[in-house]
């Protein structure tokens, strides 16, 4: 008899059934005379939603045997049906595949006089709407300007398939959408500093765009700024001479933008204590001649303030006007117009280097400035791969001179070391050392005048 039901199901997959959102009965007995087979119409009961159980009743009278089956159909007309494999009992628990479909309960009753097949048809099966009732969305990452936050979707229930969309919000304290921040990651910006961030997830059942739910993450802690720090030293631009305008170059800085800059110029005599200007430029005066100037650049922003100071060369005197043509000349020096000729440092410094050649490199074991007067300022620059620093400035405090230990190391060929010794309004010492492959360093010794950046022959 079970083979009869299977055959009947197979032949009736496209049979029309009454359309109704409610459960409906099956076929009516045919004929005016005696009825062959059982009588009655099947019915369905239960909540018509995924996860719930439907119960089918055949309601047959006079049946000696009843076979049951369940079918999944595309619409309420009961067409486009397919047998749900393995479901032959009077109950059926609705699964995800049944969402937005129609379910048929089919019964085949038989007795000695014949058989009867009839259906009960459900309405459209409801899906389970998306719901974030387990674990909310959560962003992770470093809470600092410039860092990336990553949000997960949290844990959702609902009938698959569920799609997700995202929105980041800035809370100050009310939360508003951040324009364009609609992916699962977000790079923090200066506008986020001191605010908190919230991550919103919208879940949508892909079979029904109106079936949605939204969940918000907890708000993060306050977003921190990038600390202000110098990454490239400020510089002084211009000729270091009385009456010439010197300009501050701020250098490179990191920190939450925007950054504001302030400038302070001081005269060093020898300590840098006398403030002469608080603008970004300064023209040295007569009082500055023979002294160095110190420029301090301070950068400040949400990440705090940081300051870096640099020194100029020694300020040279104003050029002396002379000649019958009325032009101006720059004599080798005068400290004031028409006065003393420039003299060399006394005693004149000596730069000593010692070491040995090792293959393509040179192992420097001694690099020292000696015989320089106390208070002389030594500026050392290093250019090339492997330099431990780019520029350093030291003051000679002892009669024994100054040892440059930072460059007493193994140096690559092509490295260039420059050593300049100055003091006051005198002619200083300039030494240039270039590391050569397989040979002692090439050396140039010259003099350098106050305020000059290039060396010249010694007088």
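Answer rounded, prolate or oblate for the range 398-459, using the Cα gyration tensor with square roots of eigenvalues a ≥ b ≥ c: rounded when a/c is under 1.5, else prolate when a/b is larger than b/c, else oblate. Oblate, because a/c is 1.5 or more while a/b does not exceed b/c.
Separation of the range 121-152 from the range 349-395 is 63 Å, based on Cα centroids. Above 32 Å, the calculated P(r) of the chain contains 67 percent of its Cα-Cα pairs. The C-alpha atoms of the chain define a longest principal axis, and helix 2-11 lies at about 70 degrees to it.
Label-to-label distance, residue 261 versus residue 182, with points set 7 angstrom from Cα along the beta-carbon direction: 4.0 nm.
Taking the empirical scaling 2.2 N^0.38 Å for compact globular proteins as reference, the range 206-305 has a Cα radius of gyration ratio of 1.90. Remark: the residue 247-residue 161 segment gains 24.4 nm on full extension, using 0.36 nm per residue and subtracting the alpha carbon distance. For the range 131-216, a Kirkwood radius taken over Cα pairs fed into Stokes-Einstein (4 °C, viscosity 1.567 mPa s) yields D = 96 µm²/s. P(r) for the range 350-448, from all Cα pairs and a bin width of 5 Å, is 3, 14, 25, 26, 17, 10, 5, 1, 0 %, short bins first.
Distance between the 7 Å Cα→Cβ label points at residue 393 and residue 305: 2.1 nm.
Modelled spin labels at residue 403 and residue 276, positioned 7 Å past Cα toward Cβ, are 3.6 nm from each other. Normalised by the number of residues in the range 370-459, the mean separation of alpha-carbon contacts (under 8 Å, six or more apart) gives a relative contact order of 23 percent. Length gained on full extension, residue 148 to residue 222, computed as 0.36 nm times the residue gap minus the Cα-Cα distance: 25.2 nm.
Beyond 15 Å, what percent of the Cα pairs of the range 138-178 remain?
60 percent
What 222 nm value per residue comes from the helices of the chain, counting each DSSP H run with n ≥ 4 as -39,500 (n - 2.57) and dividing by all residues, nearest 500 deg cm²/dmol? Helices in the chain give a 222 nm mean residue ellipticity of -500 deg cm²/dmol.
Annotation: extensible slack from residue 458 through residue 366 equals 30.6 nm (criterion: 0.36 nm per residue apart, minus Cα-Cα distance).
Using the Cβ-Cβ distance between residue 52 and residue 140 with R0 = 22 Å, the FRET efficiency computed as 1/(1 + (r/R0)^6) comes to roughly 0.05. With contacts taken as Cα pairs under 8 Å at a separation of at least 6 residues, the chain carries a relative contact order of 8 percent. Per the Debye calculation on the range 203-263 with a single equal scatterer at every Cα and no solvent contribution, log₁₀ I(q)/I(0) for q = 0.20, 0.22, 0.24, 0.30 Å⁻¹ amounts to -0.89, -0.96, -1.03, -1.21.
We did not get these values from a lab; they are worked out from the coordinates using the rules stated. Quantities reported herein were computed from a predicted structural model and do not represent experimental measurements. So basically every Cβ, Gly included, is an ideal-geometry build from the backbone, and we count neighbours across all protein chains shown.
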